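To keep things clear, I will list the structure first and then write my remarks on it.
The values are calculated or read from the model by the stated rules, or taken from the named source; none is laboratory data. Since this is a predicted model, take the numbers as computed values, not measurements. When we count neighbours, we look across all protein chains shown, and the Cβ atoms used for this are built from the backbone with ideal geometry, even at glycine. For the accessible areas, the whole protein counts, side chains as well, though only heavy atoms, and no ligand, DNA or RNA atoms are used. Shrake-Rupley method; radii C 1.70, N 1.55, O 1.52, S 1.80 Å.
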Amino acid sequence: MLSIAGNFFLFLGSLLTRRETFKVYWERFIDECVKIGINSVFIVSIVAFFIGAVTCVQIYANLVSPFIPNYIVSNVVRDMMLLELSSTFMCVVLAGKVGSNIAGELGTMRITEQIDALEVMGINASSYLVLPKVLASMVTFPLLAILSDFLGIYGGYLAGTLTGILTPEEYIYGIRTSFVPYNIIIALVKAFVFGFLITTISAYKGYHTKGGALEVGQASTTAVTNSCIAILVADYLLAQLLTG
């Protein structure tokens with residue numbers, strides 16, 4: 001376990017040595033932003049919208065006390081989307097999409113000796129291939145979290161108003177009542193950290209793949225599993241740090 005952790009941190013250190021020119025990284029950074037961020041907009045939008053709608057319906061179904069006003073439904077939907085669903089749950093979904101893609105891509109490059117060819121040409125393959133992915137994920141994941149927040153709250157709005165759970169005025173009043181702006185910072189920080197964890201863990205697993213096609217599939221599966229575990233552990237630690 002300690003040897004794996006040590007190799008992982010050595011891998012992170014290698015990302016910052018023998019770097020290429022800014023222009024090279026900028027072009028690759030933009031490409032990775034498209035692959036990691038823009039290509040994930042659809043799945044994030046669908047999941048966030050329906051999670052917000054389901055959350056609204058389920059909360060109302062469990063509010064059995066007549067002393068609880070209806071606007072509390074939207075109040076809870078807002079806080080759940082901001083604090084957990086738009087960051088933690090959404091990043092678990094992205095770990096499956098983005099993480100497996102990164103591990104599979106780098107694993108395939110490793111077994112086909114493309115990474116070895118880069119090293120022979122004097123290029124730091126880990127920095128050239130991985131660093132743009134890490135930077136792109138740390139930029140795009142918070143943006144996806146903002147999109148997820150908006151669509152989740154809007155999904156709850158449509159579900160609540162169209163089914164008669166509460167009026168539009170009650171829903172808007174609920175999401176404005178007792179709003180804590182700091183919760184947005186918490187969501188963005190979580191997405192930033194989770195993006196770093198998903199990308200680095202998946203890249204590490206893919207970069208150190210040995211064998212053939214079977215091992216590439218195993219590396220992708222391991223990358224997703226380890227990323228999800230890291231997200232959950234980091235979520236707890238960040239919750240203690242940011243709200244303690």
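Details
- Here L63 sits with roughly 50 square angstrom of accessible surface, probe radius 1.4 Å.
- In this structure, the residue pairs whose Cα-Cα separation is over 23 Å, taken from K23/K190; K35/K205; K35/K190; K97/K205, are K23/K190.
- For the chain, the spread of Cα coordinates along the three principal axes comes to 71, 37, 34 Å, biggest extent given first.
- Karplus-based coupling profile of the range 230-239, in residue order and whole Hz: 4, 4, 5, 5, 5, 4, 5, 5, 5, 4, with θ = phi - 60° in 6.51 cos²θ - 1.76 cosθ + 1.60 and x standing for Gly or Pro.
- Radius ratio Rg over Rh of the range 129-244, counting only Cα atoms, Kirkwood formula for Rh: 1.13
- Residue by residue, the range 178-184 carries 3J(HN,Hα) couplings of 6, 6, 10, x, 4, 4, 5 Hz when phi is fed to the Karplus relation 6.51 cos²θ - 1.76 cosθ + 1.60 (θ = phi - 60°); x denotes Gly or Pro.
- Surface listing: R78, R110, R176 arranged by accessible area from highest to lowest gives R176, R110, R78, probe 1.4 Å.
- Karplus-based coupling profile of the range 10-22, in residue order and whole Hz: 5, 4, 4, x, 5, 5, 9, 10, 6, 6, 7, 5, 4, with θ = phi - 60° in 6.51 cos²θ - 1.76 cosθ + 1.60 and x standing for Gly or Pro.
- Area of K23 that stays accessible when all protein chains are in place (1.4 Å probe, Å², to 10): 140 Å²
- Over the residues of the chain, the helix contribution to mean residue ellipticity at 222 nm works out to -25000 deg cm²/dmol, using -39500 (n - 2.57) for each DSSP H run of at least 4.
- √(5λ) per eigenvalue of the Cα gyration tensor, the range 34-140, largest first, Å: 44, 12, 9
- In Å², nearest 10: area of I51 left accessible to a 1.4 Å probe: 40 Å²
- With K and R counted +1 and D and E -1, the other residues having a Cβ less than 10 Å from that of T161 yield a net charge of -2.
- Straight-distance crosslink candidates among aspartates and glutamates, where the alpha carbon sits under 18 Å from K210 and sequence neighbours closer than 8 are dropped: E105, E113, D116, E119
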